[in-house]
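The values are calculated or read from the model by the stated rules, or taken from the named source; none is laboratory data. What you are looking at is a predicted structure, and each value in this text was computed from that prediction instead of being measured. Don't worry about glycine lacking a Cβ; one is built from the backbone with ideal geometry, like all the others, and counts go over all protein chains shown. Heavy atoms of the whole protein, side chains included, go into the accessibility calculation; ligands, DNA and RNA do not. Shrake-Rupley method; radii C 1.70, N 1.55, O 1.52, S 1.80 Å.
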Amino acid sequence: MTSSTQRRGRRIMMSDAERDTYLTEQRTCRVATVSADGAPHIGALWFVWDGGSLWLYSITRSRRWAQLRKDPRIAVVVDDGVEYGELRGVELSGTAVFVGEAPRTGEPCPELDAPERLFTRKYFGLAEMPHDGRHAWLRLTPDAVASWDFRKLAAL
């Protein structure tokens, strides 16, 4: 990679505020996990961002859940745009942490108060989280974050 490519990459990175706004507004992410034999698996999922962690509400009987139980390494991409000059996104990676009971039935868990409030408003427009006994929470506090906003290329 040339230094001019690196400089351009820095110029199209989102600021922390831009990244936080973007992750708050977007609805769907793609979650990558790895199987025991090293095969990747990617699936779409709804999420909320609390400014420091990405919260994922996953079906506990999913391939994703089983793989993360064995190997908690995870990578998540949130992106959008159609035309080249519109592309933007964020990639987050690190270790998934299981939070609360699995599956989630609504037992008191203060750590889940904020993400459940954010999730419920964002996706259901409700005041309280509906628990279906099939999902549970994963938290990703990323070790690495990369972002891009190709709309900034017009200014370069």
- Query: What 222 nm value per residue comes from the helices of the chain, counting each DSSP H run with n ≥ 4 as -39,500 (n - 2.57) and dividing by all residues, nearest 500 deg cm²/dmol?
  - Reply: -7000 deg cm²/dmol
- Site Arg27, offset 7 angstrom along Cα→Cβ, radius 19 Å on amide nitrogen, limited to the range 94-137, gives 116-130
- Message: Here are a few candidate values for P(r) over Cα pairs in 10 Å bins from 0, in percent: [x] 11, 41, 35, 12, 2, 0; [y] 10, 37, 32, 16, 4, 0; [z] 11, 45, 36, 8, 0. Which one was actually calculated from the structure I just gave you?
- Response: [y]
- Note on the structure: In the chain the accessible area split gives carbon plus sulfur, as whole percent at 1.4 Å, a share of 52 percent
